[in-house]
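A.B. asks: Questions regarding the structure given below will be posed in turn.
The values are calculated or read from the model by the stated rules, or taken from the named source; none is laboratory data. It should be emphasised that the depicted structure is a prediction, and the values quoted were computed from it without experimental measurement. Please note: Cβ atoms are built from the backbone with ideal geometry, for glycine as well, and neighbour counts cover all protein chains shown. These accessible areas exclude ligands, DNA and RNA; they are computed on the full protein's heavy atoms, side chains included. Shrake-Rupley method; radii C 1.70, N 1.55, O 1.52, S 1.80 Å.
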Amino acid sequence: MRVKKFLMTGIILGLGVQSLSGCADRRGTIPDKVHVGVACYNQSDMFISELLTCLREEFDQRGAAVTIRDAAGSQRIQNDQVKELIDSNCNVLCVNVVDRADPSEIIDLARENNVPIIFFNREPVAEDLMQWEGLYYVGADAEQSGTMQGELAADAIKSNSRIDRNKDGKIQYVVLEGEPGHQDAIIRTENAVNALRSSGIELEKLSYGIANWNRAQAQNRMQQMISKYHNQIELVLANNDAMALGAIDAYEKLNYTEAAWPVFFGIDGTDEGLQAIMDSRLAGTVYNDKEGQAEAIAELAFSVVMEDMDDENQAENEKYIYLPYEKVTSENAEDFLNQEKTEESVSE
Ligand code: GAL
Ligand code: CA
């Protein structure tokens, strides 16, 4: 039973004091079933849709009831969806917040109704997460993914002299960036470039394009860059696989022969990204551990619902769970694809 309803009934019936004990009851009693409300920023995002599949499996295996809502990129829609999920008696929320700088309305709603929130993938700022003890975050460390991407690119450049096609001793590169303001965009780019530099690679940045994690937008941006720089581009660093694949689409669309292609690097290890590595179109990616994240979210959801998270031993740093990234090249891409297939067949 939700606090708000209690409060309203309390006011109407004049049972002010008892209404407050309704709040305590809700925290103190263990519900028969875990009802999870999942709110995601945009289900058409390739990585998010794969992560949601894993999340649903994790909750299904544990016997939780799950309702998933898609905000299609609108914070206003997401606020309404969160309200609706709370009204439909969810006892925990998993929120992939649209605007990571502005989760306040969602936090207020959850706090008023005493429903804990596990934010995931889009990290609210620390100040917001500290607003209430019922707030958590599950994700991954952006810096690590960027560094790994840069190291993969440095290894490839060192072992293949043909990447420096004009033989000037420098690598001419472009960047395809994710959404401005997202923790995984600028930080990935910066760290990839730093890792390349610190391994001794000389770089020349030709240009960049913002493509909001999206394959079609990346193709578009890439076509514009190709029309300006023709075959000068030797390396494409994309903040995710979908955009790396969009860049490859651009070269295909313009009928460039593979000999004139740059090398492409992504991040995520989506099914399509892994397949592109197997097909030698994508040189490398960094695995964003959706299985690990989904499992951590589901475990945390159960422990916040089933246990008393007001407990004093609930350490502050338990609010954050970061799963490690892993490097993927043609040498191990198949293992990742197979691992996913095995997990699918186990859960069937
Ligand atoms: C990133 C991921 C991107 C995109 C984004 C959405 O972690 O690498 O592909 O899904 O999250 O928030
Ligand atoms: Ca060069």
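A.B. asks: Select from segment 180-194 the residues that are in contact with a Lys or Arg (Cβ under 9 Å, 6 or more places away or on another chain) and assigned to a loop (DSSP other than H, G, I, E, B) and list them in ascending order.
C.D. replies: 181, 182, 183, 184
A.B. asks: For segment 276-301, name all the residues that are open to solvent by 30 Å² or more (accessible area, probe 1.4 Å) and away from ligand 1 (no atom under 16 Å from the Cβ).
C.D. replies: Matches in segment 276-301: 278, 279, 280, 281, 283, 295, 299.
A.B. asks: Oh, and also: Out of everything in segment 61-84 that is without any contact (Cβ under 8 Å) to a residue 24 or more places away in the chain and either open to solvent by less than 40 Å² (accessible area, probe 1.4 Å) or over 19 Å from residue 213 (Cβ atoms) (or both), what residue ends up being nearest to ligand 2 (Cβ to nearest atom)?
C.D. replies: Looking at the filtered set, the residue picked out is 76.
A.B. asks: Could you tell me whether segment 152-161 includes any residue that is out of contact with any Lys or Arg (no Cβ under 6 Å at 6 or more places or on another chain), more than 21 Å from residue 330 (Cα to Cα) and at pLDDT 95 or above?
C.D. replies: Within segment 152-161, none of the residues are out of contact with any Lys or Arg (no Cβ under 6 Å at 6 or more places or on another chain), more than 21 Å from residue 330 (Cα to Cα) and at pLDDT 95 or above.
A.B. asks: Please determine whether any residue of segment 33-46 is open to solvent by 70 Å² or more (accessible area, probe 1.4 Å) and among the hydroxyl-bearing types (Ser, Thr, Tyr).
C.D. replies: Scanning segment 33-46 turns up at least one residue that is open to solvent by 70 Å² or more (accessible area, probe 1.4 Å) and among the hydroxyl-bearing types (Ser, Thr, Tyr).
A.B. asks: One residue is enough: does segment 230-237 have a residue meeting the conditions assigned by TED's automatic domain parsing to the domain that holds residue 207, over 23 Å from the mean Cα position of the chain (by Cα) and free of Cβ contacts under 8 Å to residues at least 60 places away in the same chain?
C.D. replies: The answer is yes, given that some residue of segment 230-237 is assigned by TED's automatic domain parsing to the domain that holds residue 207, over 23 Å from the mean Cα position of the chain (by Cα) and free of Cβ contacts under 8 Å to residues at least 60 places away in the same chain.
A.B. asks: Restricting to segment 82-105, give me the number of residues that are more than 20 Å from residue 298 (Cβ to Cβ) and not in a loop (DSSP other than H, G, I, E, B).
C.D. replies: Here the count works out to 5.
A.B. asks: Please work out if residue 121 is farther than 21 Å from residue 283 by Cβ, assigned by TED's automatic domain parsing to the domain that holds residue 35 and either in contact with a strand residue (DSSP E or B) (Cβ under 9 Å, 6 or more places away or on another chain) or surrounded by 20 or more Cβ atoms within 10 Å (Cβ to Cβ) (or both).
C.D. replies: yes
A.B. asks: Within segment 124-153, take every residue that is in a helix (DSSP H, G or I) and hydroxyl-bearing (Ser, Thr, Tyr) and give me the one that is least open to solvent (accessible area, probe 1.4 Å).
C.D. replies: 145
A.B. asks: Going residue by residue through segment 129-148, is there one that turns out to be away from ligand 1 (no atom under 14 Å from the Cβ), in the same structural domain as residue 102 (by TED's automatic domain parsing) and polar (S, T, N, Q)?
C.D. replies: Among the residues of segment 129-148, at least one is away from ligand 1 (no atom under 14 Å from the Cβ), in the same structural domain as residue 102 (by TED's automatic domain parsing) and polar (S, T, N, Q), which makes the answer yes.
A.B. asks: Mind listing whichever residues of segment 172-186 are within 11 Å of ligand 1 (Cβ to nearest atom) and touching an Asp or Glu at 6+ places or on another chain (Cβ under 7 Å)?
C.D. replies: Within segment 172-186, 178, 183, 185 meet the criteria.
A.B. asks: Still on this structure: Output the residue which, of all residues in segment 154-170 that are among the small types (Gly, Ala, Ser) and open to solvent by 10 Å² or more (accessible area, probe 1.4 Å), is farthest from ligand 2 (Cβ to nearest atom).
C.D. replies: Filtering segment 154-170 for residues that are among the small types (Gly, Ala, Ser) and open to solvent by 10 Å² or more (accessible area, probe 1.4 Å), the one farthest from ligand 2 (Cβ to nearest atom) comes out as 159.
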